[in-house]
Structures are given as structure tokens and as C-alpha cells.
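The values are calculated or read from the model by the stated rules, or taken from the named source; none is laboratory data. All values reported here derive from a predicted model rather than from experimental measurement. Heads up, the Cβs are rebuilt from the backbone with ideal geometry, glycines too, and the neighbour counts pull from every protein chain shown. With ligands, DNA and RNA removed, areas are computed over all heavy atoms of the protein, side chains included. Shrake-Rupley method; radii C 1.70, N 1.55, O 1.52, S 1.80 Å.
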Amino acid sequence: MDIIYRVDPHAPLATPQIHSAEEALKKLADGNARFHSLVCKVQGAAASSDKHPEVIIPVTPISLGVPFVSGVAPSHNPYALILGCSDARVPLESVLDCAANEVFVVRVAGNVLGVECLGSIDYAVCNLKSSLRTVIVMGHTGCGAVSAAVDIYLTPSDFPGIAFSHALRSLVDRILLTVRGADRALKRIVGDDVSSHPNYRQLLIDTAIYMNAAVTAHDLQREVRSICEDMNVVYSVYDVAHAQITAYPFDREEAQPLAFAPAPLNAEDFHSVASTVVSRLIKD
Ligand SMILES: [Zn+2]
């Protein structure tokens, strides 16, 4: 199976003009659908000895981040800002099938909102207003930072392992509150005896991963609104095993999974997000 990146310098693809947040989110959801489709084709080819057609991906110098004319830097005009995790399995431009200059990316373990991250985000929202249409928090399944916070929550006696590293502790501390909230949601929906469930730890990690993205989006929404009143923040989670983005865990009965959900704004919104996440996780 051949995957070919093809450049035709005489018929360049137009640089996308994105006029609204809806358009930006649709473009990113479509990009992930293309990536997922490519992954499925490759997996299908690996599982079969049949001959498979080649896949041609058109690119231009601009989509690779370089100008058409040597020596002239393209202007910086991303249409989306994404706060994601540093996990090496989640290269955001790849999983969303984005070209260079489409997304302004900030990556930090656990997609937590530290001061330096916030500085980068403030810079982008203040200085890239003319092109920026949306802000996204992207968590991912199997997140090591969230798993570490869950393990500290479940076994506080292990805390000395990170207690002497201020940097590591500050990362886990930011996620611990969400883990506590995820545990409360599990107990509310499943029952107080959920802690004796054989998959309790995994349920807690999975719930906390979605909740962590939602909580960070909530915090970021307040920050971003103070700079730009009409900029909305959304969240999503990249499922590493399925190569797809969804705002809630997969539901086989759902025809079209929701790629992005708005940042929760109040206690009622959080309650609703937690209920949907937990009810889908315990369905499996
Ligand atoms: Zn992670």
C-alpha cells in the first residue's frame, strides 16, 4: 500500500479561510475523520493480502510551513488554538490532519493550565485575533499524568515518590481535584461500593481524563473571555486506541459521535458531563 504526498507547484491548493468557530471545529473534526479513515485503510491492508489502492495526499509548500517564494515568511494565521498533552502518541497536527500554520499548539503533560501555558495562550488570543476562531482543550485516553494523579489519590502512601519534585508535584496537584470530582461522580451514579468494582482504577482514570479536559476548558474559558469576549472554548478527548476524537466515551448506539463539546460553565454543566461520561463507561 502506497501513501503518496503529492505537490503540484502549478496548481497550488488555496490556503483555507475560516470565518467562524463552527467552521473551524468542522474542519478539525473532518481532519480527524480523514486520519481515522487512513488508519483503518492501513490496518485493513496489514490484515489482508489483497492489493490495495494507493492513497494520495495533496500538499503545498504552504501546508508544509514554507513559502511559495524562497525568503518570504508566510504570515502567522492559525484558525484554532489547541492545548493538548505532551504524550508522544498524540501529535495533534497529525491526528487532526492539519497543515502547518492552521493550529497554534500548546502541549504539556496532562494538558494542565500552568502559568507558562496560560502565557502562550494569552499571547495567541491577543495577537492572532484576526485569524483565530476557537480554543480547544484536547485530552487523550491512557494519559500518564492523569493515571499518576489517580494512583496518588488511591494510594496516598505512594506520594513521597513525587513529593520531592516540585515540578512533578505541581502537575499532579492540578489534576487531583478533578480525580476527586470523578470519584464523586462514579459514587453518585454507580454507588458507594464502586471502589470494590474490579475495574475501579481504570473507570476512575477514564472518567478523570474526560473530566480533566472539561475542567481545563472551563478554567480556560474564563481566562480567554477576559481577553476576547466572544471566543468560545471547547474540549475533546483523542482515543489513542481508535484514533478518533470525541467529547464523551464511545457509544455504539450513537450514529455520529460528538467531536467537541462546549466548556462547562457551571455546576449543572459539570454534573451533566460527569453523568454522560460515567454512564457510557459503565455501559461497556
Ligand atoms: Zn497525557
Q. Antiparallel DSSP bridges in the chain: what percent, to the nearest 5?
A. 20
Q: Using amide H atoms built 1.01 Å from N in the peptide plane, name the residues 5+ places from Ile82, or on other chains, whose amide H lies under 5 Å from its own.
A: Phe104, Val105, Val106, Ile136
Q | Length gained when the stretch Asp122-Ser279 is fully extended (0.36 nm per residue, less Cα-Cα span) | A | 53.0 nm
Q: Would you pull out the residues with amide H under 5 Å of Ile245's amide H, same chain only if 5 or more places away, H placed 1.01 Å from N?
A: Asp239
**Q.** Burial order of peptide ranges 78-84, 190-196, 176-182 (average beta-carbon count within 10 Å, highest first)
**A.** 78-84, 176-182, 190-196
(Q) Give me a comma-separated list of calculated 3J(HN,Hα) values for segment 20-29, in order, Karplus coefficients 6.51, -1.76, 1.60 applied at θ = phi - 60°, integers in Hz, x for any Gly or Pro. (A) 8, 5, 4, 5, 4, 5, 5, 4, 6, 5
Q: On each of the three principal axes of the Cα atoms of segment 89-139, give max minus min coordinate, whole Å, ordered largest first.
A: 29, 24, 14
Q.
With a cut-off of 8 Å between alpha carbons and a minimum separation of six or more residues, what is the relative contact order of the chain in percent?
A. 18
Q: Pop a pseudo-label 7 angstrom from the Cα along the beta-carbon direction at both Gln17 and Arg34 and give the gap in nm to one decimal.
A: 2.0
Q.
Please compute, over every Cα-Cα pair in segment 142-284, the percentage with a separation greater than 27 angstrom.
A. 23
Q | Inter-probe distance in nm under a simple model that places probes 7 Å from Cα toward Cβ, at Gln202 and Ser130 | A | 5.1
Q.
So, for the chain, what is the accessible surface per residue at a probe of 1.4 Å, expressed in square angstrom?
A. 52
Q. P(r) of segment 173-215 in 10 Å steps, Cα pairs, percent per bin?
A. 33, 55, 13
Q) For Lys187 and Ala45, what does the FRET efficiency come to when R0 = 35 Å and r is the distance between their Cβ atoms, rounded to the nearest 0.05? A) 0.20
**Q.** Set of aspartates and glutamates with alpha-carbon distance to Lys41 below 18 Å, sequence-local pairs under 8 removed
**A.** Asp2, Asp30, Asp50, Glu54, Asp97, Asp239
Q | Hydrodynamic radius by Kirkwood, which averages 1/r over all alpha carbon pairs of segment 1-153, in angstrom | A | 17.6
Q. Across segment 263-276, in residue order, what do the Karplus-derived ³J(HN,Hα) couplings come to in whole Hz, using 6.51 cos²θ - 1.76 cosθ + 1.60 with θ = phi - 60° and x for Gly and Pro?
A. 4, x, 9, 8, 4, 5, 4, 5, 4, 5, 4, 4, 5, 5
**Q.** Tilt relative to the chain, helix 144-154 - C-alpha long axis, 0 to 90 degrees, to 10
**A.** 0
Q) Using just the C-alpha positions of the chain as equal point scatterers, what log10 of I(q)/I(0) does the Debye formula give at each q in 0.16 1/Å? A) -1.29
Q: Would you calculate a helix-derived [θ] at 222 nm for the chain, using -39,500 (n - 2.57) for each DSSP H run of n ≥ 4 and dividing by the full residue count, to the nearest 500?
A: -14500 deg cm²/dmol
